[in-house]
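The values are calculated or read from the model by the stated rules, or taken from the named source; none is laboratory data. A quick note: this is a predicted structure, and the numbers were derived from the prediction, not measured. Glycine also receives a Cβ, built like all others from the backbone with ideal geometry; neighbour counts cover every protein chain displayed. Please note that ligands, DNA and RNA were not included when accessible areas were found on the heavy atoms of the full protein model with its side chains. Shrake-Rupley method; radii C 1.70, N 1.55, O 1.52, S 1.80 Å.
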Amino acid sequence: MESLIVLIPLSVLLILIALKAFLWAVNSGQFDDLDREAARILEDDDLPAGKEGRSP
Amino acid sequence: MNTLSATAPSETSPPSAVAEGCYHCGLPIPPGEVLTVPAEGDAKPVCCHGCEAAYYWLKDQGLDRYYALREAGLGHAAKAEVPAWASPEVAARYITKDGENAELVLALSGLRCAACAWLAEKGLATLPAVQHAQVQLATERLHLRWSGDESAVPAIAERLSALGFEAAPARSEAAAELRRREHRKGLARLGIAALVTMQIMMLSLADYLDLLSDLTPAYRQLLLWAQAVLATVLVTTSAAPFFQGAWRALKQKQLTMDVPVALALGLAYGASIVLLATGKAAQGAHVYFDSLVMFTFFLLAGRYAEARLRHQFAESDPTLEDLLPLTALRLRSNEAGEERRETVHPMDLSPGDRILVSAGQTVPCEAQVLEGLAALRLDHLTGEAAPEPCGPGAAVPAGATVLDGVLTLTVRQPASEGSLAALPTLLARARKSQAGETPLLDRIARHFFAFQLLIALGAGVLWLALAPERAFEIVLATLIIACPCALSLATPAARTTGALALRQQGLRLGRSDSLERLAPITLVVLDKTGTLTEPTGTLSCLEGPASAWALAKALERDIDHPLARAFQARPEAAPAVSAQRVVVGEGAEGCIDGITYRLGRPRFAGAEGTGVVLSKADPQSPSGWTLLARFQSQETLRPEAPEALAALHAQGVKLALLSGDHSDRVAAVAAELGLERWEGDATPEAKLDALARLRAEGERVLYVGDGLNDAPALGGAEVSLALGAESRFAQDAADMVSFRRDLRTVPYALGIARCLRRRLHRNLLWAAGYNVAAVPLAVTGLVTPWLAALGMTLSSLIVLVHAQRLARDGAQLRGALWKA
């Protein structure tokens, strides 16, 4: 039971850190457009084709 | 894939196949085995199994018409053109330069899904200069950065046009930035509240489960202090707007929802901290951190949903900058006296310049009419809906829209000064449309807050007399439980889901309550041309000399209408025209070599019969006109029309056809579609009359048109839906715009509207019922504050979940309407 004296304040501290991280994510615009970003992961961007590759 | 056939080696394959390239993607056919697909009665080569699969997939989906459209050039590729704003001189005004690089934000229309965004991004990324292209789907903005300057803009605009997107420089960026900031703040508050709420509920659990009271005061104290720290974070960040709002309202001697909310939050927080600090809480006195955080979180969730909806409508609502045209057509005469037209940015106009503004366009700056007659639409400036006629010498304000005719204007003030003058009235209009959100509910709510405070006060006084130690708890419970959160959440939640479901089929709402007005519709009145049928874009000359084409082309010069465009596309050289005038829904008039000509409906041009008639003024003739030629536009029935009408019929609404076209042609279409009620030869006024008559008969009318010849009719029905977004009028006048130009969007919208109404009614009933039932419980002391917060939370959740089911209704409707 004594460990709670450390663990509970620690959990509060962790929450505060998590909040800070969340605020950073919001303010850097990561939640501005959820529709588009959700699909970006599905795109094949790692192909080396690049600009010189195929014509459109 | 048993249809897979040829395995011929490349050297023996027909040379044409290799020259043609892959049937699907157009890339060269690699040497070796050649794959083919059976298309157009022939075996066509494809380059790889991927393309082969794509071909069969399209075919299986019934989409192989894609190939025909592509070959015929009817698809987007044919439309590839550089819009006027993209000329380097004009575009220079819209881009921002950063050393070697230039940046541009474009507003894109035609975006529907993530795949569209992907297409736009990748399509631009293949341009050599482009470094960065990113689409924001929610706001329909494209952020572009490239190395170079404005000279690259035409290529970019052409590429976007070829991909099927309509792009224009985004101008209301300041407003968009404001919305973006508001969205971020709202999300941050909601996120903080969510995290803190979960954490506090977890810490409170120890207390809830402490049935055997074996929690020592020291541990209890520790758990409570942890809650206090988190609650303080919440009260100072997430809940701050409630306190600010309440303060503002009280200063103005008004009651808003913020007042009881701030009171409840302040009491709960203050009392809990006092109990904790005095050590009473550790002895077992109840604290209210749990109620406090849950209450805040659900209030914020409601506000966030509401703000999202408001932003969505704000994004489709044009601002001042959007209303002013992107370009202006300036007339310049050179030394030889020849007139030249040049496209310039409105800001580049200086007083004394002559500009040309034709029907459908907006006047870019304060100006005076030099030549021409026209009707102006000034409603967003003056609030007056009736068109204002004007002639030579009349002053025209910036932002006026020319309804018919072509005006030559003299610039009186540079664009910036004129447009600044119009700002206050435009802002007033924008505010008016916002205030129209939920006026009735707001009015009820205002009384409700006073009532709520009185009840809480009454309960407090009563319990002070009965059992003073319980008074505080009961006041708090009453304040929380009586909060009309679920009630205020019901409408925005349902509308947002409804609007999103419509958006998935390319339907955009012009007003926030359009869907609620659509639900009780009993009769759908359809226009013919452009709605049930689509013009093929070609014309044929039924009678008259070949020279008539040139005259017709001259009369239709500068006019923005599909029929006019068909004439403009003719190869003949058009003679000069003066005193050109357009009569909306009738035709065009103009003077060529001193003779007045008319082109348009037979009646307008003083003739009988059908088609588009060209005639010249002739005092000898009884009608005043002599027929020169007769043209006919080719049209075909939309392929989805029978299916869409059958769906509407199944939904139990009556159907009628109302067209300005000749009765014979209207009758033929009505017969083909099995429509019993139809009316032809209807002028725009006759359409309005017909709609008024139908409404007088007790019908609730939805009018579906393309908004080109029937903009007044769009305003004359209970609800209107414009199919296609060809003209700005249609977008302004219609309650809904279907960007997809698919008739099946009509039954879809109706279906969604009915589901919305059903769900909304149930939601309102539930929310109101909850408040009525729960308040007596709280006043009699049967409900503790945490139970009150839970109840409020649950009722809000039920409302949200119930509204969310609209999305499922939408998916079902889509499945039924767009099956295979």
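I need the full set of residues from the stretch B:128-138 which are buried (at least 18 other Cβ atoms within 10 Å of the Cβ), more than 7 Å from chain A (Cβ to nearest Cβ) and touching a residue at least 24 places away in the same chain (Cβ under 8 Å), in order please.
Once the filter is applied, which keeps residues that are buried (at least 18 other Cβ atoms within 10 Å of the Cβ), more than 7 Å from chain A (Cβ to nearest Cβ) and touching a residue at least 24 places away in the same chain (Cβ under 8 Å), the stretch B:128-138 yields only B:Val130.
Scan B:Leu104, B:Leu111, B:Leu124, B:Leu144 and give me the residue that is modelled with pLDDT under 80 and either of a type outside the set (Lys, Arg) or closer than 15 Å to B:Thr327 by Cβ (or both).
Criteria check complete, one pass: B:Leu111.
Can A:Leu16 be described as modelled with pLDDT of 90 or more, in contact with a Leu (Cβ under 9 Å, 6 or more places away or on another chain), open to solvent by 50 Å² or more (accessible area, probe 1.4 Å) and not in a loop (DSSP other than H, G, I, E, B)?
Working: modelled with pLDDT of 90 or more: yes; in contact with a Leu (Cβ under 9 Å, 6 or more places away or on another chain): yes; open to solvent by 50 Å² or more (accessible area, probe 1.4 Å): yes; not in a loop (DSSP other than H, G, I, E, B): yes.
In short, yes.
Return the total of residues in the stretch B:84-118 being in contact with a Leu (Cβ under 6 Å, 6 or more places away or on another chain) and within 14 Å of another protein chain (Cβ to nearest Cβ).
Here the count works out to 2.
Given the criterion open to solvent by less than 60 Å² (accessible area, probe 1.4 Å) and part of a helix (DSSP H, G or I), identify the matching residue among B:Leu675, B:Leu694.
Details: B:Leu675 fails: part of a helix (DSSP H, G or I).
Only one candidate qualifies: B:Leu694.
Does B:Lys97 meet the test of being over 30 Å from B:Pro364 (Cβ atoms) and at pLDDT 75 or above?
Answer is no for this residue.
Select from the stretch B:652-672 the residues that are in a helix (DSSP H, G or I) and surrounded by fewer than 22 Cβ atoms within 10 Å (Cβ to Cβ) and list them in ascending order.
B:Ser663, B:Asp664, B:Arg665, B:Ala667, B:Ala668, B:Ala671, B:Glu672
How do the helices (runs of 4 or more DSSP H) wholly within the stretch B:1-75 filter down when requiring 2 or more residues that are within 27 Å of B:Gly815 (Cα to Cα) and at pLDDT 65 or above: which remain? It would help to see each step written out before you state the result.
Details: elements: B:15-20, B:49-60, B:65-72.
Once the helices (runs of 4 or more DSSP H) in the stretch B:1-75 are filtered for at least 2 residues that are within 27 Å of B:Gly815 (Cα to Cα) and at pLDDT 65 or above, what remains is B:49-60, B:65-72.
Could you list, in sequence order, the residues of the stretch B:615-631 that are more than 38 Å from the chain's Cα centre (by Cα) and either within 17 Å of B:Ala579 (Cβ to Cβ) or not in a loop (DSSP other than H, G, I, E, B) (or both)? Give the derivation first.
Pass one, the stretch B:615-631, residues more than 38 Å from the chain's Cα centre (by Cα): B:615-630.
Hits for the stretch B:615-631 are B:Ser615, B:Lys616, B:Ala617, B:Gly624, B:Trp625, B:Thr626, B:Leu627, B:Leu628, B:Ala629, B:Arg630.
Give me the pairs: first residue in the stretch B:202-222 and within 10 Å of chain A (Cβ to nearest Cβ) and in contact (Cβ under 8 Å) with a residue 12 or more places away in the chain, second residue aliphatic (A, V, I, L, M) and outside any loop (DSSP other than H, G, I, E, B), beta-carbon distance under 6 Å, and six or more apart or on different chains, which are they?
Listed pairs, sorted by first residue: B:Leu203/B:Leu223; B:Leu203/B:Ala226; B:Ala206/B:Leu223.
Restricting the first residue to the stretch A:8-20 and requiring it to be at the interface with another protein chain (Cβ under 7 Å from one of its Cβ atoms), which pairs with a second residue that is open to solvent by 60 Å² or more (accessible area, probe 1.4 Å) and in a helix (DSSP H, G or I) meet a Cβ separation below 8 Å and a spacing of at least six or different chains?
Once the first residue is at the interface with another protein chain (Cβ under 7 Å from one of its Cβ atoms) and sits in the stretch A:8-20, its partners that are open to solvent by 60 Å² or more (accessible area, probe 1.4 Å) and in a helix (DSSP H, G or I) give A:Val12/B:Val229.
Examine the stretch B:487-509 for a residue that is more than 29 Å from B:Leu137 (Cβ to Cβ), in contact with a helix residue (DSSP H, G or I) (Cβ under 6 Å, 6 or more places away or on another chain) and at pLDDT below 85, and state whether such a residue exists.
Yes: one or more hits.
Just need a number here: residues in the stretch B:391-418 that are surrounded by fewer than 17 Cβ atoms within 10 Å (Cβ to Cβ) and modelled with pLDDT under 65.
2
Cβ-Cβ below 8 Å, separation at least six or inter-chain, first residue in the stretch A:25-44 and facing chain B (nearest Cβ under 8 Å) and in a helix (DSSP H, G or I), second charged (D, E, K, R) and surrounded by 13 or more Cβ atoms within 10 Å (Cβ to Cβ): which pairs?
Every condition considered, the pairs that remain are A:Val26/B:Arg184; A:Asn27/B:Arg184.
Evaluate the stretch B:757-776: report whether one residue or more is in a helix (DSSP H, G or I) and either assigned by TED's automatic domain parsing to the domain that holds B:Tyr269 or of a type in the set (Ser, Thr, Tyr) (or both).
Initially, the stretch B:757-776 is screened for residues in a helix (DSSP H, G or I), giving B:757-776.
Still in the running and either assigned by TED's automatic domain parsing to the domain that holds B:Tyr269 or of a type in the set (Ser, Thr, Tyr) (or both): B:770.
Yes, the stretch B:757-776 has at least one match.
Only one of (1) open to solvent by less than 20 Å² (accessible area, probe 1.4 Å); (2) among the aliphatic types (A, V, I, L, M); (3) not assigned by TED's automatic domain parsing to the domain that holds B:Ala115 is not met by B:Val153, so which one is it?
Only one criterion in (1) open to solvent by less than 20 Å² (accessible area, probe 1.4 Å); (2) among the aliphatic types (A, V, I, L, M); (3) not assigned by TED's automatic domain parsing to the domain that holds B:Ala115 is unmet by B:Val153, namely (3).
Of the residues B:Ala456, B:Ala421, only one is at pLDDT 70 or above and not in a strand (DSSP E or B); which?
B:Ala456
Of the numbered conditions (1) open to solvent by 100 Å² or more (accessible area, probe 1.4 Å); (2) within 30 Å of B:Ala120 (Cβ to Cβ); (3) at pLDDT 75 or above; (4) not aliphatic (A, V, I, L, M), A:Asp46 fails exactly one; give the number of that condition.
It is condition (3) that A:Asp46 fails.
Taking the stretch B:469-503 as the search range and keeping residues that are over 15 Å from B:Leu800 (Cβ atoms) and touching a Gly at 6+ places or on another chain (Cβ under 7 Å), which one is surrounded by the most Cβ atoms within 10 Å (Cβ to Cβ)?
Restricting to residues being over 15 Å from B:Leu800 (Cβ atoms) and touching a Gly at 6+ places or on another chain (Cβ under 7 Å), the top hit is B:Ile481.
Considering only residues that are closer than 16 Å to B:Glu586 by Cα and of a type in the set (S, T, N, Q), look in the stretch B:610-651 and name the one that is surrounded by the fewest Cβ atoms within 10 Å (Cβ to Cβ).
Per the stated criteria, the residue is B:Gln632.
So which residues in the stretch B:181-200 are open to solvent by 50 Å² or more (accessible area, probe 1.4 Å) and more than 17 Å from B:Ala240 (Cβ to Cβ), if there are any at all?
Of everything in the stretch B:181-200, just one residue is open to solvent by 50 Å² or more (accessible area, probe 1.4 Å) and more than 17 Å from B:Ala240 (Cβ to Cβ), namely B:Met198.
Find all pairs meeting these conditions: Cβ atoms under 8 angstrom apart; at least six residues apart or on different chains; first residue within the stretch B:759-776 and under 26 Å from B:Val475 (Cβ atoms); second residue not in a helix (DSSP H, G or I).
Pairs found: B:Ala767/B:Pro484; B:Asn771/B:Ala482; B:Asn771/B:Pro484; B:Ala774/B:Ala482; B:Ala774/B:Val783; B:Val775/B:Ala482.
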